[in-house]
Amino acid sequence: MEEITIEKLKKIKQVVENIRWGVTPRISLNSRSASGEVVDLTYGFMLYVDLFEERPALVIMELKPIISKTVGYVFDVPEDLLKESMQCATSECIGGMYPLSEKLEGWLKKEFGIS
C-alpha cells in the first residue's frame, strides 16, 4: 500500500474518474444498498476513512470481482474532515472503516474538479 498525496491522486485519472461515490464500507461488505438493491462491486474505487499508524487517513480501495484491494492512503486531507467521518452512525462503520462524511465528499469533489 502506497502513501499518495492529494495532488498526486488528482493526476491519477483512472482513480478519479472511477470513484464509486455511493459505495460505502457497509455496502462493500454485503453488496446491497440501503434500499436493499444489489450493488455491482466488480469495478471502480471506493474511498473511506480509516486509522493507519494511528493517524486518520483517506483510503483508496480498488473494487474487483473476486478480492478488492487497498491501493493507497492519503494523509494530506484536512484532519477535521477525516475525524468527522469517523463519527458516523454505528451501523455504517464496519470494522474500523468509516464512510465519507458529506463535508469530506464535498471537499474531495472540489479538489478533483467534480460537480
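Which residues, taken from region 17-38, are of a type in the set (S, T, N, Q), modelled with pLDDT of 80 or more and not in a loop (DSSP other than H, G, I, E, B)? Passing the criteria: only S28.
Within region 76-91, residues that are over 16 Å from E111 (Cα atoms) have Cβ atoms under 8 Å from residues that are of a type in the set (A, V, I, L, M, F, W, C) and part of a helix (DSSP H, G or I) in these pairs: E84/L104; S85/L104, counting only partners at least 6 apart in sequence or on another chain.
Among the candidates L58, L41, L82, the residue that is part of a loop (DSSP other than H, G, I, E, B) and in contact with a helix residue (DSSP H, G or I) (Cβ under 8 Å, 6 or more places away or on another chain) is uniquely L41. Scanning region 53-73 for residues that are of a type in the set (K, R) and in contact (Cβ under 8 Å) with a residue 24 or more places away in the chain yields a count of 0. Checked against the criterion of being surrounded by 19 or more Cβ atoms within 10 Å (Cβ to Cβ), of a type in the set (S, T, N, Q) and within 19 Å of K109 (Cβ to Cβ), region 12-19 contains not a single residue that satisfies it. Taking region 28-56, which residues are closer than 17 Å to I94 by Cα, hydrophobic (A, V, I, L, M, F, W, C) and crowded, with 20+ Cβ neighbours inside 10 Å? Within region 28-56, M46, L47, V49 meet the criteria.
With respect to the stated conditions, I67 is surrounded by fewer than 15 Cβ atoms within 10 Å (Cβ to Cβ) and either aliphatic (A, V, I, L, M) or within 12 Å of the chain's Cα centre (by Cα) (or both).
The values are calculated or read from the model by the stated rules, or taken from the named source; none is laboratory data. Everything numeric in this text was worked out from a predicted model, so none of it was measured. In this analysis, Cβ positions are derived from the backbone assuming ideal geometry, glycine residues included, and neighbour counts consider all displayed protein chains.
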